[in-house]
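Read the structure below first, then the notes.
The values are calculated or read from the model by the stated rules, or taken from the named source; none is laboratory data. Since the model is a prediction, treat every value here as computed from it, not as a measurement. Quick reminder, even Gly has a Cβ in these numbers, built from the backbone with ideal geometry, and neighbours come from all protein chains shown.
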Amino acid sequence: MNKIYTIADNIISSLGFTSNENFLALKAGKSGISKTSDPKLTQSPLQVSQVDSERLNSDFSRLEKPEDYTRLEKMMILSINDALSQTEIDPSKEDTLFVFSSVKGNIDLIEDENHPFDKDRIHLWAMSDSVCNFFKSKIKPIFISNACISGITAINTGAHLLKNQKYKNVIVCGGDVISEFTPSGFQSFKAVSENPCKPFDANRDGITLGEGVGTIILSTNKNLVKEDNPVIFRGGANTNDANHISGPSRTGDGLYYAIRNTLDEAGKSDTKIDYISGHGTATPYNDEMESKAIKWAELDHVPVNSLKSYWGHTLGAAGIIECVAGIHSIKENCLIKTLGYSEHGVSEAINIIKEYEETEVRNFLKTASGFGGSNAAAYFSELNAD
């Protein structure tokens, strides 16, 4: 079976416009979360993680006119362009597919009646067409919008198409922006914390929202690989626990099955996993459920972190940027601490990473859960790891 190589990536977030900038901030324990009272976003002070608009427009102006693209489209184009610059891939060729993930897409256009774009630009398909047209892609893209598992689902979808030899390269890009609409929904659930989020902590009281974009390029073309021992995609799976429109299963069964099926697909029969990049939203129910799923999978000994206390919950970007961070953890042999965690706050004694550590990391498991009972997981490792 074809191996799925991860050959390039990018992260655009409050912590920087490249994967390297972001990972350096993670290693230093630097969060991009800050308080805002911007009336365009919120009626009360809100902790958020936002992309630098001035830098966004400045960097984008080197490629094209900023006014011709929405905020999210500019972020996606910049992210994809940076990732492609690390490869020899021609995105206009028919062997390369674009897979997008987003929860809300160009949602900010709803709130601005004077925007200069066609009315169809609010649709997800129109947004993806805009980005694909920039790169002169002739292939109809795939768009995944499945709550907070959208990013991992996009990676799994792209990888499975590569395994079936439908394409040689897949460019996976996911993102979301913060607008007034985004926090209002979570605030209605009383799920937004007044402070930067504290994943898995006893004092956690809700999420922190963030915006950003992540890109990861997958390929079956070994000739594009520039490393002797590259990181490869081994397996991925989705499940649905069908528990509630917004609440996860209290037992963790749906996420457990996603983990089990992922490791089965990867041919991983033991529990020797170096690291779990958890979903860790810092809501009471999600973190508790996730701890049960990890315990059920007999992975409670494995170091676990959540990176949402650095970036916030970036929705359609989350699964992708957190996978990119996991890939860089392998490349740099280190584990990033869970910022904001000080007192264990879930029922299962899972192994939360408390401090930055330099140690051998050869593989990792990424998990995610979302509204509607959706769950997803993906497993990556070095080529020569078991």
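If the condition is being among the basic types (Lys, Arg) and either surrounded by fewer than 16 Cβ atoms within 10 Å (Cβ to Cβ) or touching an Asp or Glu at 6+ places or on another chain (Cβ under 7 Å) (or both), then segment 115-141 contributes 119, 136, 138, 140. Checking 270, 264, 300 one by one, the residue that is over 17 Å from residue 234 (Cα atoms) and out of contact with any Lys or Arg (no Cβ under 6 Å at 6 or more places or on another chain) is 300 and no other.
Residue 107: of a type in the set (A, V, I, L, M), in the same structural domain as residue 170 (by TED's automatic domain parsing) and more than 27 Å from residue 169 (Cα to Cα), yes or no? Yes; evaluated as a whole, the condition is true for this residue. Among the residues of segment 295-305, those identified as in contact with a helix residue (DSSP H, G or I) (Cβ under 8 Å, 6 or more places away or on another chain) and surrounded by 24 or more Cβ atoms within 10 Å (Cβ to Cβ) are 297, 304.
Looking only at residues of segment 21-52 that are in contact (Cβ under 8 Å) with a residue 40 or more places away in the chain and either part of a helix (DSSP H, G or I) or in contact with a Cys (Cβ under 6 Å, 6 or more places away or on another chain) (or both), we find that the one that is surrounded by the fewest Cβ atoms within 10 Å (Cβ to Cβ) is 27. When residue 226 is tested against (1) in contact with a helix residue (DSSP H, G or I) (Cβ under 9 Å, 6 or more places away or on another chain); (2) surrounded by fewer than 24 Cβ atoms within 10 Å (Cβ to Cβ), exactly one condition is not met: (1). The single condition from (1) over 19 Å from residue 381 (Cα atoms); (2) buried (at least 24 other Cβ atoms within 10 Å of the Cβ) that residue 349 fails is (2). If you go through segment 306-332 and keep only what is part of a loop (DSSP other than H, G, I, E, B) and within 17 Å of residue 155 (Cβ to Cβ), you end up with 307, 314. Go through segment 142-164 and give me each residue that's buried (at least 24 other Cβ atoms within 10 Å of the Cβ) and hydroxyl-bearing (Ser, Thr, Tyr). 150, 153 - these are the residues of segment 142-164 that are buried (at least 24 other Cβ atoms within 10 Å of the Cβ) and hydroxyl-bearing (Ser, Thr, Tyr).
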